[in-house]
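Q: There's a structure below that I have some questions on.
The values are calculated or read from the model by the stated rules, or taken from the named source; none is laboratory data. The model shown is predicted, which means the values in this text are computed figures rather than measured ones. Quick reminder, even Gly has a Cβ in these numbers, built from the backbone with ideal geometry, and neighbours come from all protein chains shown. Keep in mind that these areas ignore ligands, DNA and RNA; they rest on the heavy atoms of the full protein, side chains included. Shrake-Rupley method; radii C 1.70, N 1.55, O 1.52, S 1.80 Å.
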Amino acid sequence: SLSMLGKSTIVQQSGSNEFEDGNSTYTWEITSSWGQGGTSMMFYNIKLVVVNMDKDIESWEIGFDIPESYNDAQSNIWSASTRTYENGRLTLFAHDYESFLAKGDTLTIEFQLAFDEEVDLYLNNLTLNGYLATNE
């Protein structure tokens, strides 16, 4: 079975009151992984859960660092409308029809990341609308 691989808390950015108490949390886990026969490519299904305990968010954007062998063309991000990948950082943008995240609500994002080789998968330096989460 796969265990929880990360848990962090969204903290207030200096000079800002967008996140009042730093009580929002995120957790993520690999729900399944497999290789593509005849290649070194690996696929990882990810479940990322954000609990917003700070203030209403009109439209969410979540970014995080991932290993360099990421294969964007083979990845499938069905819980977000679009994504960008640059310099090892993947950013997911909300669908217009489900972009609002009220205080107290939980956002669950599921997606599949592909890599050109097997990796020790991590989601580091997670940001929610530009606010950095720090490890507990």
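Q: Output the residues belonging to the stretch 39-54 that are farther than 20 Å from Glu29 by Cα and open to solvent by 30 Å² or more (accessible area, probe 1.4 Å).
A: Answer for the stretch 39-54, where residues must be farther than 20 Å from Glu29 by Cα and open to solvent by 30 Å² or more (accessible area, probe 1.4 Å): Thr39, Ser40, Met53.
Q: Right, next: Using the structure shown, decide if Ser33 is modelled with pLDDT of 85 or more, part of a strand (DSSP E or B), over 14 Å from the mean Cα position of the chain (by Cα) and closer than 25 Å to Asn87 by Cα.
A: yes
Q: Within the stretch 76-97, does at least one residue satisfy the condition of being in a strand (DSSP E or B), in contact (Cβ under 8 Å) with a residue 60 or more places away in the chain, of a type outside the set (S, T, N, Q) and farther than 30 Å from Gly38 by Cα?
A: no
Q: Oh, and also: Kindly provide the set of residues from the stretch 60-75 that are of a type in the set (Ser, Thr, Tyr) and either assigned to a loop (DSSP other than H, G, I, E, B) or under 11 Å from the mean Cα position of the chain (by Cα) (or both), ordered by number.
A: Ser69, Ser75
Q: Right, something else. Residues being at pLDDT below 95, of a type outside the set (D, E, K, R) and surrounded by fewer than 17 Cβ atoms within 10 Å (Cβ to Cβ): count how many of those fall in the stretch 101-116.
A: Going through the stretch 101-116 one residue at a time, the tally reaches 4.
Q: Let me ask another. Could you run through the stretch 91-114 and say how many residues are hydrophobic (A, V, I, L, M, F, W, C), in contact with a strand residue (DSSP E or B) (Cβ under 6 Å, 6 or more places away or on another chain) and over 16 Å from Thr31 (Cβ atoms)? If you could, list the steps in order and put the result at the bottom.
A: Residues of the stretch 91-114 that are hydrophobic (A, V, I, L, M, F, W, C), as a first pass: 92-94, 100-102, 107, 109, 111, 113-114.
Among the residues that remain, those that are also in contact with a strand residue (DSSP E or B) (Cβ under 6 Å, 6 or more places away or on another chain) are: 92-93, 101, 107, 109, 111, 113-114.
Now drop any that are not over 16 Å from Thr31 (Cβ atoms), which leaves 92-93, 101, 107.
Going through the stretch 91-114 one residue at a time, the tally reaches 4.
Q: Name every residue in the stretch 57-79 that is open to solvent by less than 80 Å² (accessible area, probe 1.4 Å) and either out of contact with any strand residue (DSSP E or B) (no Cβ under 9 Å at 6 or more places or on another chain) or within 18 Å of Tyr97 (Cβ to Cβ) (or both), in order of residue number.
A: Those that are open to solvent by less than 80 Å² (accessible area, probe 1.4 Å) and either out of contact with any strand residue (DSSP E or B) (no Cβ under 9 Å at 6 or more places or on another chain) or within 18 Å of Tyr97 (Cβ to Cβ) (or both): Ile57, Ser59, Trp60, Glu61, Ile62, Ile77, Ser79.
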